Amino acid sequence: MDNKLHVSSSPHLHSGASTTKIMLDVIIALIPAGIMSVVLFGFRSVAVIFTCVLSCILFEYGFQKISKKPTTVCNLSAVVTGLLLAYNLPVGIPLWMAVIGCAAAIIVVKQCFGGIGQNFANPAIVGRIVMLVSFSSAMSTFPPTVFMADAVTTATPMQLLANDQTPDVLSLLWGNHQGTLGETCAIALIIGGLYLIIKRVISPVIPVCFMGSVFVMALIKSGFDINFAVCQLLSGGLILGAFFMATDYTTSPINFKGKIVFALGCGIITACIRFWANLPEGVSYAILLMNITVPLIERITTPRPFGWEGIKK
Amino acid sequence: MKIKTVLSPNGHVHGGAKVPHRKNTSEFKTEIMPTPSTVTIPMQMHIGAPCEPTVKVGDKVKIGDIIGDSQAFVSAPVHASVSGTVKSIIDFPAQNGGYIKAVVIESDGQNEVSDSIIEKTVTSAADLVSAARESGLVGLGGAGFPTHIKLSPKSDVRLDTLIINAAECEPYITTDYRECMENSEDILGGIYLVKKHLSIKNVYIAIEDNKPLAIKLLAEKISAMRSEEGEPIRIVKLKSRYPQGAEKVLIQAVTKRKVPSGCLPADVGCIVMNVTSVALLHRFIKTGMPLVNKRITVDGSAINQPKNLLVPIGTSVSDIIEFCNGCKSIPGKIIMGGPMMGMAQPNLLPVIQKQNNAVLILNKADATKKEESACIRCGRCVSACPMNLMPTLIERLASINDVESLDRIGVTVCMECGCCAFNCPASRPLVQYMRNAKAVYRKGIKK
């Protein structure tokens, strides 16, 4: 019989929270958008999602085996990265390209910088940007949804907005327009985002400030055209980015004020790229740029400890 | 006339943790434990200078006799808790590591009371302070700060508020609740003593809203006494959230005042006393019996019969377990105090000290902690910290010996309440890391 007593530092109670449970919640929150991608783009979206998730898991497992590090595939973070990357790809993407994107995300950005919690930028976003730069034509060919007449090859809502046309708000809401797999259906993404907020996985600060600042910038740009601003809010990768990518724990500030600064930065850069740069969409670049500034933001937004009012330090 | 319940102005503490209450023993009346055959009384059960034994091996002692005292200002005398013979004076392992001198008394089973135990008369603040010192009273909430020092603030300080801490936010522990239910007269008596002699204007009894019966009882007693005394005592019902009972958090919740870092409650005009402490002060003046017994909650997943016990100071954990009919499974962890801030003990030797209020016996399953994994920077430790610190950043800074940054982000403000570690999804022992960071900081500052 083992009669030895455990001696450890207090506290001796734990809330039961775990990294795996958090990642599982994120996966659950991403399911509605996944289902809508199959509804809108057909079964090829399953192939893209499956390829991304599987290759992310394998790259993480393989890298950790080769570098003789403990395997952390069980915490499901690789699954989340795979899902997010897949949601950022057009349905027609050749699968081998998706695999390369996953390699960039998991091996280069995540594992080479020390694995979970250590990456300087969001792996899925870097994966997407690598693909966007390397395979620009495949990445910007968006087939129509199954509900659109075949002959009609319209532009994405972002391209429409860039050409001063306004897309239909209703079709933006339920996703019947061209775009990447997971970004089109605003309602599915909002449901997932609210789930994460209710489960307290993410705080509403980043999504609200991010989308709010884009909305305000759009209002100003268009001379207070509400319709234009709403369309800006609902189109492109903004909702997906604001709820699921900008809120990535590792690459966003951990304190309240820092989150606000970070999210406002994301929103302003997104709006600037959309309105004045040569690209129709800027969410990924905005988040990536702000990811890099996180250590600086945290340095200037460190909270004052209790009772330090009026003490100079 | 009905006493209004003042809701805490802030509602709840910043951050904190939603810990399970587990107040299984709340309706268990206090049982008096039979005198154990021997008691081991440590010479330091308070913050401050340790006492020196004033007895020799072979001396006969009675309950209430002083057996240890110190000339130092910050200290509290130690009294015999049983009658009998001093068997030995030993070096005894302290609950937080290290060794302290302790007097071992073999009980004669007679429970004879010392002749010095007589009613005290208190007519001034100075009388009250000296009575508090004589009683050996220390902060019974857990810190063990000598009460007579709390009652004698610096001359430039103006006290206007007395807060009676009955929050009892730690899971399991129900000793303060039992004090409210069983000794409400002593509590109010003690409050009026302190209020009168220190001329304090506002008195609040701060209690969490998970103790409705105690709130009701105290409110009734207060309204009954109201006619005799001037300003009423107000009850502040606090939202149940750990660490609502932590001194600085409590002061802010009740008065909206913030105790500056490095200062005492007196600096913002407040004095905070544990509810059992204030009752004991009254009892001492009424009867002359110093702090020789302590009520403790015995609970946890491995104990056969959870109880609230009144035990002589110096009773060993093994005697207590035996009185509670032993364990139903092999104990995996023994904690002196609550599960959030209590100390895990390596064996059954520890004895009940003045500032202890619980012994928890956990089974093997509850004792093992999940292995820590990498920090994912979720920020839950930051939002949980009632002191507004960034535990995960402090951990990193300590690991690279960055003393300057540790100073800048306020590592010393940490009170080790455990909210960060409780909420950490990576199961990182953050309190341990915070203690380590403080050590790194202190070492670095000395250089």
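If a/c stays under 1.5 just call it rounded; otherwise compare a/b with b/c (prolate if a/b is bigger, oblate if not). Do that for the stretch B:149-237, with a ≥ b ≥ c from the square roots of the Cα gyration tensor eigenvalues. Cα axes put the stretch B:149-237 in the oblate bin. Dividing the mean sequence gap of close Cα pairs (under 8 Å, 6+ apart) by how many residues the stretch B:322-447 holds gives a relative contact order of 23 percent. The relative contact order of the stretch B:1-292, computed from alpha carbon pairs under 8 Å that lie at least 6 residues apart in sequence, is 26 percent.
What number comes out for accessible area per residue over the protein assembly as shown if the probe is 1.4 Å? Units Å², please. Intermediate results must be reported in sequence, preceding the final value.
On the way: 31290 Å² over 760 residues.
Averaged over the residues of the protein assembly as shown, the accessible area is 41 Å².
When the pairs B:Lys87/B:Lys307; A:Lys69/A:Lys110; B:Lys29/B:Lys364 are compared against a 20 Å limit on Cα-Cα distance, B:Lys87/B:Lys307; B:Lys29/B:Lys364 fall above it.
Only helices enter the 222 nm calculation for the protein assembly as shown: every DSSP H run of n ≥ 4 contributes -39,500 (n - 2.57), and dividing by all residues gives -12000 deg cm²/dmol, rounded to 500. Averaged over peptide B:377-387, the number of partner chain Cβ atoms lying within 10 Å of each residue's Cβ comes to 5.
Using 1/(1 + (r/R0)^6) with R0 = 51 angstrom and r between the beta carbons of A:Val108 and B:Ser318, what's the FRET efficiency to the nearest 0.05?
On the way: r = 59 Å, r/R0 = 1.15.
Using R0 = 51 Å, I get an efficiency of 0.30.
For a test of the definition: using alpha carbon positions, the gyration tensor, and the 1.5 limit on a/c, classify chain B as rounded, prolate or oblate. Taking the square roots of the gyration eigenvalues as a ≥ b ≥ c, chain B is rounded. What shape does chain A take by its C-alpha gyration tensor, where a ≥ b ≥ c are the square roots of the eigenvalues and a/c under 1.5 counts as rounded, a/b above b/c as prolate, and the rest as oblate? It is oblate, given that a/c is not under 1.5 and a/b is not larger than b/c.
Site pair A:Cys272 and B:Asn347 shows an inter-label distance of 6.7 nm when each label is modelled 7 Å from Cα along Cα→Cβ.
Restricting attention to the stretch A:106-147, which chymotrypsin sites (Phe, Trp or Tyr not before Pro) occupy a DSSP loop and are surrounded by at most 12 other Cβ atoms within 10 Å? Spell out each step's value before the answer.
On the way: sites: A:Phe113, A:Phe120, A:Phe135, A:Phe147; in loops: A:Phe113, A:Phe120, A:Phe135, A:Phe147.
Loop-located and lightly packed - A:Phe147.
Between the beta carbons of B:Thr287 and A:Ile31, assuming R0 = 56 Å, the FRET efficiency works out to 0.25 to the nearest 0.05. Selection among B:Pro153, B:Val113, B:Thr85 by position relative to the dipole of the stretch B:1-155 gives B:Pro153 as farthest towards the positive end (Cβ unit charges, Cα centre).
Gain in length, A:Phe147 to A:Val46, computed as 0.36 nm per residue apart minus the alpha-carbon separation, to one decimal in nm?
Numbers: separation 101, 0.36 × 101 = 36.36 nm, distance 1.78 nm.
34.6 nm is the gain from fully extending A:Phe147 to A:Val46.
When the solvent-accessible area of chain A is split by element, carbon and sulfur atoms take up 70 percent of it, the probe being 1.4 Å.
Using only the C-alpha atoms of the stretch B:380-446, find the volume of their convex hull and express it per residue in Å³.
Numbers: hull volume 4.4 nm³, N = 67.
Given the Cα convex hull of the stretch B:380-446, per-residue volume reads 66 Å³.
Between B:Ala126 and A:Ser8, the distance separating the two model label sites (each 7 Å from Cα on the Cα→Cβ line) works out to 5.4 nm. Mean per-residue shielding of peptide B:335-346 is 4, counting Cβ atoms of other chains within 10 Å of each Cβ. Under the membrane-span-like helix rule (DSSP H runs whose alpha carbons stretch at least 20 Å along the helix axis, mean Kyte-Doolittle hydropathy -1.0 or higher), chain A yields A:19-41, A:44-66, A:205-221, A:256-276, A:283-300.
Peptide B:424-436: average number of partner chain Cβ atoms within 10 Å per residue? Present the calculation step by step, with values, prior to reporting the outcome.
Values: counts 5, 13, 7, 6, 0, 4, 2, 4, 3, 1, 1, 2, 1.
So the per-residue partner count for this stretch is 4.
Measuring from centroid to centroid over Cα atoms, what is the spacing of the stretch A:106-124 and the stretch A:224-247 in Å? Their Cα centres are 26 Å away from one another.
Were the residues from B:Asp209 through B:Lys446 laid out at 0.36 nm apart, the gain over their Cα-Cα distance would be 80.8 nm. Put a plus charge on the Cβ of each Lys and Arg, a minus charge on the Cβ of each Asp and Glu, and nothing anywhere else: the dipole of chain A about its Cα centre is then about 1100 debye.
Projecting the Cα positions of B:Ala302, B:Ile320, B:Gly338 onto the charge dipole of the protein assembly as shown (unit charges on Cβ atoms of Lys, Arg, Asp and Glu, taken about the Cα centre) puts B:Gly338 furthest along the positive direction. Reported value for the protein assembly as shown: 194 Å³ per residue, from the convex hull of its C-alpha atoms.
Selection among B:Cys414, B:Ala246, B:Ile400 by position relative to the dipole of the protein assembly as shown gives B:Ile400 as farthest towards the positive end (Cβ unit charges, Cα centre). Sorted largest first, the principal axis extents computed over the alpha-carbon atoms of the stretch A:181-313 equal 49, 33, 25 Å.
Quick check on my link table: of B:Lys211/B:Lys286; B:Lys354/B:Lys438; B:Lys333/B:Lys369; B:Lys60/B:Lys120; B:Lys216/B:Lys354, which ones sit more than 19 Å apart, alpha carbon to alpha carbon?
Where the Cα-Cα span goes over 19 Å, the pairs concerned are B:Lys211/B:Lys286; B:Lys354/B:Lys438; B:Lys60/B:Lys120; B:Lys216/B:Lys354.
Partners of A:Lys259 within straight-line reach, counting lysines whose Cα lies under 20 Å from its Cα and excluding those fewer than 8 residues away in the same chain: A:Lys199. Could you please state how large a percent of the accessible area of chain B is carbon and sulfur, counting protein chains only and using a 1.4 Å probe? Accessible surface attributable to carbon and sulfur in chain B totals 52 percent.
Computed from the Cβ-Cβ distance with R0 of 22 Å, the FRET efficiency linking A:Val38 to A:Val169 stands at 0.40.
Summed for both chains, how many Å² of accessible area, to the nearest 100, are buried between A and B with a 1.4 Å probe? Show your work: numbers first, answer last.
Numbers: alone 15640 and 20110 Å², together 31290 Å².
Rounded to the nearest hundred, the buried surface is 4500 Å².
The values are calculated or read from the model by the stated rules, or taken from the named source; none is laboratory data. Nothing here was measured: the structure is a model prediction, and the numbers come from that model. Methodologically, a virtual Cβ is constructed for each residue, glycine included, from the backbone with ideal geometry; neighbour enumeration extends over all protein chains shown. Keep in mind that these areas ignore ligands, DNA and RNA; they rest on the heavy atoms of the full protein, side chains included. Shrake-Rupley method; radii C 1.70, N 1.55, O 1.52, S 1.80 Å.
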